[in-house]
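Trainee: This structure is in structure tokens; I'll ask about it shortly.
The values are calculated or read from the model by the stated rules, or taken from the named source; none is laboratory data. Quick caveat: nothing in here was measured; it's all calculated off a predicted structure. Neighbour counts are summed over all protein chains in view; Cβ atoms, including those assigned to glycine, are modelled from backbone coordinates with ideal geometry. SASA here: full protein model, heavy atoms, side chains in, ligands and nucleic acids out. Shrake-Rupley method; radii C 1.70, N 1.55, O 1.52, S 1.80 Å.
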Amino acid sequence: MFFFIMPAPLHLNLIQIAVAFLIDIVIGDPQWSYHPVRLIGRFIEQTEFVLRKFSLPERMSGILLTLIVVMGTYLAIFSVMSIAKQGRFFFEIIIGTICIYFTISVKSLAGEARKIMACLRENDVISARQTLSLIVGRDTAHLTEEQIVRACVETVAEGSVDGVVSPLFYSFLGGPAGAMAYRAVNTLDSMVGYKNDTYIRFGWASAYFDDAANYIPARISAVLIPAASFLCGSGFLRSLRIAFRDGRKHESPNSGIPEAAMAGALGVQLGGPSTYQGEVVDKPLIGDAQNQLSLKSIDHAVKILYITSLLFLLSGIGVVLCLKYLVF
């Protein structure tokens, strides 16, 4: 699998990852028109448009879409990094750092959660719903305050994997090209991985590939979130127990794991009925309702997000250095 091709020396890759993480923590993810993820989105739209012109089975077209977009993204960044190598040493570091930086979204996710929290503090439920609608797929127009908090906590938990752990995981394995290829997988799933009449067959490959790409990172989160919970003053064992007890209840093979770990960390219950495009989806209940969902739940979830991110960064660097000196 191309994610596992390391295009740069280990020490150079570690510098790129560490600096990219630091930039994201300080600046956040910029909302530029030419943001690489938006460019990937346009690439997906154009490729889908072309593929639907051919008389191919939808599943076959979806497989081709996934291969073209993911491999195309990987090869494009790999080529850019190969060109960067021809220049000065710091030029390669800068380009690689920027590429990885665009795949991480710690501060932006935390910032959106805090905006929702600020709206609720001012009893502005309408603004809270509108802000929440920017980061979730469910209908938010009629959510109560508790439902808003629940959705926000669930999103922060899921985002700890696909917005932080997974891109860092593939950065360690495949450098900037691996990180950006993962972001292409994630973007494909968010755009075509729906179970509706339009994408149930066409988006199957993208959804399946996203599940496969997040499989290991999601399970890493089952340990990282409890550890972060402990460092934030909550119970490690409760978070770990709920992660293993309820992590597989979710329809997604991955999303339920960080949600369960977060639910255990906060001592709250997540899941339950949610509405998507007017259709009610009854999700399984995750966690125990020991504490009531409140603004403190969001605040605590954001703190756990930051600590989880830092723990994985440090753990990843440690593992890579150990492998370098013990194996190589």
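Trainee: Rounded to two decimal places and with Rh computed the Kirkwood way over Cα pairs, what is Rg over Rh for the stretch 108-209?
Mentor: Numbers: Rg = 15.9 Å, Rh = 15.1 Å.
Radius of gyration relative to Kirkwood radius: 1.05.
Trainee: Provide the convex hull volume over Cα atoms per residue for the stretch 210-251, in Å³.
Mentor: Output value, Cα hull per residue: 65 Å³.
Trainee: Cα to Cα, under 19 Å, and not fewer than 8 places away if on the same chain: which aspartates and glutamates meet these conditions relative to residue 53?
Mentor: Filter leaves 45, 197.
Trainee: Moving to a separate point now. How many Å² of accessible area per residue for the chain, probe 1.4 Å? Don't skip to the end; give the middle numbers.
Mentor: Numbers: 15570 Å² over 328 residues.
Counting only protein heavy atoms, the per-residue value for the chain is 47 Å².
Trainee: Ignoring the sites themselves, what is the longest stretch of the chain with no GluC sites (Glu not before Pro) in a DSSP loop and at most 16 other beta-carbon atoms within 10 Å?
Mentor: Here the longest segment lacking exposed loop sites spans 123-250.
Trainee: Take 91, 78, 312, 244 and sort them by solvent-accessible surface of the protein heavy atoms, 1.4 Å probe, largest at the top.
Mentor: Values: 91 90, 78 70, 312 15, 244 135 Å².
Result of the area sort, largest leading: 244, 91, 78, 312.
Trainee: Something else about it: Can you list the DSSP H helices in the chain whose Cα atoms extend at least 30 Å along the helix axis and whose mean Kyte-Doolittle hydropathy is 1.0 or higher?
Mentor: Helices passing the filter in the chain: 58-85, 295-326.
Trainee: Please list log₁₀ I(q)/I(0) at q = 0.08, 0.11, 0.19 Å⁻¹ for the stretch 145-298, using the Debye equation with identical point scatterers on the alpha-carbon positions.
Mentor: -0.23, -0.44, -1.18
Trainee: Based on the Cα gyration tensor of the stretch 273-328, what are the three equivalent ellipsoid semi-axes, each the root of five times an eigenvalue, rounded to whole Å and given largest first?
Mentor: The three semi-axes for the stretch 273-328 are 38, 17, 11 Å.
Trainee: Excluding residues fewer than 8 places away in the same chain, name every one of the lysines whose C-alpha is closer than 19 Å to that of residue 107.
Mentor: The qualifying lysines are 115, 296, 303.
Trainee: Could you work out the equivalent-ellipsoid semi-axes for the stretch 81-122, taking the square root of 5 times each eigenvalue of the Cα gyration tensor, largest first, in whole Å?
Mentor: In descending order, the three semi-axes are 38, 7, 5 Å.
Trainee: Right, next: Can you tell me the relative contact order of the chain? Whole percent, Cα pairs under 8 Å, sequence separation 6 or more.
Mentor: It rounds to 21 percent for the chain.
Trainee: Would you mind calculating the relative contact order of the stretch 270-323 from Cα pairs under 8 angstrom and at least 6 residues apart, reporting the percent as a whole number?
Mentor: Dividing the mean separation by the residue count of the stretch 270-323 yields 20 percent.
Trainee: Name the residue, out of 297, 206, 82, whose mean-square fluctuation peaks in a Gaussian network model built on the chain with Cα pairs under 10 Å.
Mentor: It is 82.
Trainee: Right, something else. Quote the relative contact order of the stretch 185-284 in percent (integer), defining contacts as alpha-carbon pairs under 8 Å separated by 6+ residues.
Mentor: Over the stretch 185-284, the number comes to 20 percent.
Trainee: Here's a follow-up. Counting only Cα atoms, I'd like the Rg/Rh figure for the stretch 173-249, Kirkwood definition for Rh.
Mentor: So for the stretch 173-249, dividing Rg by the Kirkwood Rh gives 1.11.
Trainee: Let me ask something additional. Principal axis extents for the chain, Cα atoms only, whole Å, descending order, please.
Mentor: Sorted from largest, the Cα extents of the chain read 56, 53, 36 Å.
Trainee: How long is the stretch 234-328 along each principal axis, judged by its Cα atoms, biggest number first, in Å?
Mentor: Projected onto its principal axes, the Cα set of the stretch 234-328 covers 54, 27, 24 Å.
Trainee: Still on this model: Ignoring any ligand, DNA or RNA, what whole percent of the accessible area of the chain comes from carbon and sulfur when the probe is 1.4 angstrom?
Mentor: Carbon plus sulfur share of accessible area: 64 percent.
Trainee: Sticking to Cα atoms, compute the Rg of the stretch 9-133 to one decimal and its Dmax as the biggest Cα-Cα distance, whole number, in Å.
Mentor: Every Cα atom of the stretch 9-133 included, Rg and Dmax give 19.2, 56 Å.
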